[in-house]
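Asker: Before anything else, here's the structure in question.
The values are calculated or read from the model by the stated rules, or taken from the named source; none is laboratory data. No experiment lies behind these values; they were computed from the predicted model shown. Heads up, the Cβs are rebuilt from the backbone with ideal geometry, glycines too, and the neighbour counts pull from every protein chain shown.
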Amino acid sequence: MTAERGERDEYPGADGRTSRAAVAKRVEALLARMTLEEKVGQFHQGHNLGDADAADIRLGRVGSAIVASSATAGNDRQERVRAATLNRLQRVAVKESRLGIPLLFARDVIHGHRTVAPIPLGQAASWSPEHVRRCAEVAAREARADGITWVFTPMLDIARDGRWGRIAESFGEDPYLAARLAEAAVRGYQGDDLGDGEHVAACAKHFVGYGAVEGGRDYNTLEVSAYTLHNVHLPSFRAAVRAGVASVMSAFCDLNGLPVAASPDLLRRILRDDLGFGGVLVTDWEGVLELTRHGVAGDGKEAARQAFLAGNDVDMVSGLYRDHLPGLIRAGRVPPERLDEAVRRVLTLKFRLGLFERPYVDEGEAARVQFTPEHRAATLDLARRSPVLLQNRGDLLPLGAGIRVGVFGAAATWRGQLFGTWTLDGEAGDVPTLLEAVRKVHPGPHEVWHTANIDEALDWARQTDVVIVALGETPTRSGEDHSVASLDLPAGQPEMLEALHALGVRVVTVVFSGRPLVLTRVVRASEAVLLAWHPGVCGGEAVAEILYGLVNPSGHLPVSLPRQTGQLPAHYSFKPTGRPLATFPQAYRLSDERDSPLFPFGFGLSYTRFEFSNLWVDPEVPLGQPVRVTVAVKNVGERAGETVAQLYLRDVVASRTRPVRELRGFERVALEPGACRQVAFTLTADDLSFSDETGTPRLEPGEFRVLVGENSSVTLEGAFRLLAEGPQKD
């Protein structure tokens, strides 16, 4: 393995030894002592283990446990994980089993443990890898304090259909943005030393294509061409592997007629051989058993054989490996060398985590490290950067002193609902509501009015200067197994907003959601619209600070917002087709709606204005050399603020059809009023190339166009020519 693929010559801190060779030596010594059943036991992952599982643990028949009560724990109320419980089970494994091999304890710590950050889709709206990394570090430290050593995150599925509930867990529609955030998240969770007691093994999921399920229906089938697979769905996983991700989870959907969990082509050839992944591969919940439901395996034994030979190391909760692999190996239907290579990977991870030296967790550690001021501050920093200001007619925002404000809408008093999906260990009592936060920052002299009664709201609104209407969907309407047919707001919410607007009152609408909703009616009935996602434990405070100008909004959309559900799937990087809209204006793809989104990918307003100018691009560049791009960004408004400079690329003529534009660089830029800064980008061979249907990178000479600005609809354009044999002279 090369260093580029995430492998290290050293494992810092593992057992006090630094070399990979030292870890490998210990693994081989342990492997030589293991029976067949003990080896297979390392692949069995139980769930919510208790005292009844002690006998299996003593026999070495359990290698890990997912601390969750069900397959859809993200939408079920879970019992808080307790270090004492995990220590009790760990003592059985270490003190009472023959070889004393410790257990891995896993949990879905998707966007925070006790200190809950914005949902991943909201994190992506920050366009800030550094803040995403910091919050992953917080989650890792808090989870490790509870005894969790393996987290099933980040989710790297590219999602372009907002009907799919799990878009909330994704980094959005763009492979480049998702790849950069994937690297940040992996480094945050894992740090430089898995064995330092403060970091955890991350898991890139769901490999691969799950975000493209047909019709946005969870668990559905999907058809994805090899060309699209390599250029859209694999880049984020490639980035995670290069960042050194310790584990990957195989998707349980079927892709092009074969369940991913049974695909050697995807799991062995592409993931291991092409991407160079050398870590642990775990199935999704009952992924092995589901091969029988897909209809590609006639029984559990055949399902176990297919899944194991395809490359899955760990069987999450189905128990079919434990029940059938020993017999399959003795019968010669599974080669023993495949068994040993998988055992090596699992044991190596346990050594790297330092579990053989420090298998237990200090049961007082959680009280010391969870929900600390430091962790809360890091989470608040990210929560301030994720809301996206979509509209601000007449510069209504930020709100000032001396105005009469009413706060209405169902979401004004939400607490735990602000967490979003997959928050197993957050405490609703930690969350200030939006109403409480507004009352805290409102400068007076008038009090902030609130009522949950619509008739009272309409009556009181007549006596206000501005009403803040908090709307949106609760987490029970997003996340796993919560797809929807319509992206409209829940029933009754648009009508309430329109009734307030009809009174002539100035309306500020705050939308909390786990997906890109259709906000067409909201935009028409509001002077200002702030999309806050599900913003986590500090979300109410962050939104209030933005509304009152204590924080200048700087979030930008990681997904396109459609005008109506019928536009789906909606994404900016579409193909030109033989009749591009730009040259064939009559070639509308829809007869009853415009083709453009309501708000494009990358869009986001500020309380100040930024001007992009003086775009300069290397005019001619030899093949394989970097391309330099610079642009001037100036704050032409009256407030300090931040924007995101975004660079898009168009490969004009190529051997395959290419998107009309693709994100290939971005940088957050903070400027004082009147200040100007030159932003520099460097486009590498990786940025200029694409993969063909075999996965082979293609770097082709020819003309490229560069577009730079604040969103994907930018028009500031330059061009360069990639030369096959060096600069051309007249």
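Asker: Give the residue, chosen from 54, 71, that is assigned to a loop (DSSP other than H, G, I, E, B) and either of a type outside the set (Lys, Arg) or at pLDDT 95 or above (or both). Please lay out each step first, then the result.
Answerer: Details: 54 fails: assigned to a loop (DSSP other than H, G, I, E, B).
Just a single option satisfies the conditions, and that option is 71.
Asker: Look at the range 326-373 and say how many of its residues are part of a helix (DSSP H, G or I) and either within 16 Å of residue 105 (Cβ to Cβ) or in the same structural domain as residue 20 (by TED's automatic domain parsing) (or both).
Answerer: Keep residues of the range 326-373 that are part of a helix (DSSP H, G or I), which gives 326-330, 336-352, 365-369, 373.
Okay, now just the ones that are also either within 16 Å of residue 105 (Cβ to Cβ) or in the same structural domain as residue 20 (by TED's automatic domain parsing) (or both), so 326-330, 336-352, 365-366.
Residues in the range 326-373 being part of a helix (DSSP H, G or I) and either within 16 Å of residue 105 (Cβ to Cβ) or in the same structural domain as residue 20 (by TED's automatic domain parsing) (or both): 24 in total.
Asker: Does residue 611 satisfy the criteria of being more than 32 Å from the chain's Cα centre (by Cα) and in contact (Cβ under 8 Å) with a residue 12 or more places away in the chain?
Answerer: Numbers: more than 32 Å from the chain's Cα centre (by Cα): no; in contact (Cβ under 8 Å) with a residue 12 or more places away in the chain: yes.
Answer is no for this residue.
Asker: Shifting gears a bit: Among residues belonging to the range 221-233 that are farther than 11 Å from residue 174 by Cα and in contact (Cβ under 8 Å) with a residue 60 or more places away in the chain, point out the one that is surrounded by the most Cβ atoms within 10 Å (Cβ to Cβ). Give the steps one after another, and end with the answer.
Answerer: To start, the set of residues in the range 221-233 that are farther than 11 Å from residue 174 by Cα comprises 221-230.
With the extra rule that they be in contact (Cβ under 8 Å) with a residue 60 or more places away in the chain, the set shrinks to 225-227, 230.
Details: 225: 11, 226: 15, 227: 16, 230: 22.
Step by step, filter the range 221-233, then rank; the result is 230.
Asker: OK, next. Considering the range 547-569 alone, what residues qualify as being of a type in the set (A, V, I, L, M), touching a Lys or Arg at 6+ places or on another chain (Cβ under 7 Å) and surrounded by 24 or more Cβ atoms within 10 Å (Cβ to Cβ)?
Answerer: Restricting attention to the range 547-569, the residues satisfying the condition of being of a type in the set (A, V, I, L, M) are 547, 550-551, 557, 559, 561, 568.
Pick out the ones that are also touching a Lys or Arg at 6+ places or on another chain (Cβ under 7 Å) and you get 551, 568.
Of everything in the range 547-569, nothing turns out to be of a type in the set (A, V, I, L, M), touching a Lys or Arg at 6+ places or on another chain (Cβ under 7 Å) and surrounded by 24 or more Cβ atoms within 10 Å (Cβ to Cβ).
Asker: Within the group 237, 277, 252, which residue is aromatic (Phe, Trp, Tyr), closer than 17 Å to residue 205 by Cα, touching a Pro at 6+ places or on another chain (Cβ under 8 Å) and crowded, with 24+ Cβ neighbours inside 10 Å? Explain how you work it out, then say what you get.
Answerer: Details: 237 fails: touching a Pro at 6+ places or on another chain (Cβ under 8 Å); 277 fails: touching a Pro at 6+ places or on another chain (Cβ under 8 Å).
None of the others qualify; the one that does is 252.
Asker: Among the numbered conditions (1) on the phi > 0 side of the Ramachandran plot; (2) touching a Pro at 6+ places or on another chain (Cβ under 8 Å); (3) small (Gly, Ala, Ser), tell me where residue 310 comes up short.
Answerer: (1)
Asker: Right, here's the next one. Identify, by number, the condition in (1) loosely packed, with under 15 Cβ neighbours inside 10 Å; (2) within 18 Å of residue 390 (Cα to Cα); (3) β-branched (Val, Ile, Thr) that residue 476 doesn't meet.
Answerer: Only one criterion in (1) loosely packed, with under 15 Cβ neighbours inside 10 Å; (2) within 18 Å of residue 390 (Cα to Cα); (3) β-branched (Val, Ile, Thr) is unmet by residue 476, namely (2).
Asker: Suppose we filter the range 295-318 for residues that are surrounded by 19 or more Cβ atoms within 10 Å (Cβ to Cβ) and more than 27 Å from the chain's Cα centre (by Cα); how many remain? Explain how you work it out, then say what you get.
Answerer: Taking the range 295-318 and keeping what is surrounded by 19 or more Cβ atoms within 10 Å (Cβ to Cβ), we get 297, 303-308, 310-318.
Imposing the further condition that a residue be more than 27 Å from the chain's Cα centre (by Cα) reduces the set to 297, 303-306, 308.
So the answer is 6.
Asker: Name the residue, out of 639, 650, 628, 594, that is basic (Lys, Arg), at pLDDT 95 or above and touching a Lys or Arg at 6+ places or on another chain (Cβ under 9 Å). If you could, list the steps in order and put the result at the bottom.
Answerer: On the way: 639 fails: touching a Lys or Arg at 6+ places or on another chain (Cβ under 9 Å); 628 fails: touching a Lys or Arg at 6+ places or on another chain (Cβ under 9 Å); 594 fails: at pLDDT 95 or above.
Exactly one residue qualifies, and that residue is 650.
Asker: Just checking, how many residues over the range 419-460 are in a helix (DSSP H, G or I), small (Gly, Ala, Ser) and either buried (at least 18 other Cβ atoms within 10 Å of the Cβ) or touching a residue at least 40 places away in the same chain (Cβ under 8 Å) (or both)?
Answerer: Quick first cut of the range 419-460, residues in a helix (DSSP H, G or I) only: 419, 428-430, 434-441, 454-460.
Going one step further and asking which of them are small (Gly, Ala, Ser), we end up with 428-429, 437, 457.
Filter once more, keeping what is either buried (at least 18 other Cβ atoms within 10 Å of the Cβ) or touching a residue at least 40 places away in the same chain (Cβ under 8 Å) (or both): 437, 457.
Residues in the range 419-460 being in a helix (DSSP H, G or I), small (Gly, Ala, Ser) and either buried (at least 18 other Cβ atoms within 10 Å of the Cβ) or touching a residue at least 40 places away in the same chain (Cβ under 8 Å) (or both): 2 in total.
Asker: If you take the residues in the range 57-70 that are surrounded by fewer than 17 Cβ atoms within 10 Å (Cβ to Cβ) and not hydroxyl-bearing (Ser, Thr, Tyr), which one is farthest from residue 93 (Cα to Cα)? Please lay out each step first, then the result.
Answerer: So in the range 57-70, the residues surrounded by fewer than 17 Cβ atoms within 10 Å (Cβ to Cβ) come out as 58-59, 69-70.
Retained after the next criterion (residues that are not hydroxyl-bearing (Ser, Thr, Tyr)): 58-59.
Numbers: 58: 6, 59: 9 Å.
Step by step, filter the range 57-70, then rank; the result is 59.
Results for (1) outside any loop (DSSP other than H, G, I, E, B); (2) among the polar types (S, T, N, Q); (3) in the same structural domain as residue 695 (by TED's automatic domain parsing), shown as yes or no for each residue.
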| position | (1), (2), (3) |
| --- | --- |
| 218 | no, no, no |
| 224 | no, no, no |
| 231 | yes, yes, no |
| 238 | yes, no, no |
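Asker: Right, another one. Picking from 385, 358, 368, 376, which residue would you name as being buried (at least 20 other Cβ atoms within 10 Å of the Cβ) and of a type in the set (Lys, Arg)? Before the answer, list the steps.
Answerer: Values: 358 fails: buried (at least 20 other Cβ atoms within 10 Å of the Cβ); 368 fails: buried (at least 20 other Cβ atoms within 10 Å of the Cβ); 376 fails: buried (at least 20 other Cβ atoms within 10 Å of the Cβ).
Among 385, 358, 368, 376, only 385 is buried (at least 20 other Cβ atoms within 10 Å of the Cβ) and of a type in the set (Lys, Arg).
Condition check ((1) modelled with pLDDT under 95; (2) under 26 Å from residue 135 (Cβ atoms); (3) surrounded by 15 or more Cβ atoms within 10 Å (Cβ to Cβ); (4) touching a Pro at 6+ places or on another chain (Cβ under 8 Å)) across all residues:
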position: 75; (1), (2), (3), (4): yes, yes, yes, yes
position: 78; (1), (2), (3), (4): yes, yes, yes, no
position: 83; (1), (2), (3), (4): yes, yes, yes, no
position: 90; (1), (2), (3), (4): no, no, yes, yes
position: 99; (1), (2), (3), (4): no, no, no, no
position: 102; (1), (2), (3), (4): no, no, yes, yes
position: 107; (1), (2), (3), (4): no, yes, yes, no
position: 110; (1), (2), (3), (4): no, yes, yes, yes
position: 114; (1), (2), (3), (4): no, yes, yes, no
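Asker: Where residues in the range 90-146 are part of a loop (DSSP other than H, G, I, E, B) and of a type in the set (S, T, N, Q), which of them is farthest from residue 378 (Cα to Cα)?
Answerer: Residues of the range 90-146 part of a loop (DSSP other than H, G, I, E, B): 97-103, 108-111, 113-115, 117-119, 125-128, 146.
With of a type in the set (S, T, N, Q) added as a condition, the list becomes 97, 115, 126, 128.
On the way: 97: 41, 115: 10, 126: 13, 128: 13 Å.
Applying the filter and picking the extreme gives 97.
Asker: Among the residues of the range 621-631, is there at least one that is within 24 Å of the chain's Cα centre (by Cα), surrounded by 13 or more Cβ atoms within 10 Å (Cβ to Cβ) and not assigned by TED's automatic domain parsing to the domain that holds residue 532? Lay out the reasoning, then the answer.
Answerer: So the first thing to find is which residues in the range 621-631 are within 24 Å of the chain's Cα centre (by Cα), and the list is none.
Looking through the range 621-631, none of the residues is within 24 Å of the chain's Cα centre (by Cα), surrounded by 13 or more Cβ atoms within 10 Å (Cβ to Cβ) and not assigned by TED's automatic domain parsing to the domain that holds residue 532.
Asker: Something else now. Is there a residue in the range 185-206 that is crowded, with 24+ Cβ neighbours inside 10 Å, of a type outside the set (Lys, Arg) and within 17 Å of residue 516 (Cα to Cα)?
Answerer: Within the range 185-206 (the criterion being crowded, with 24+ Cβ neighbours inside 10 Å, of a type outside the set (Lys, Arg) and within 17 Å of residue 516 (Cα to Cα)), the answer is no, since none of the residues qualifies.
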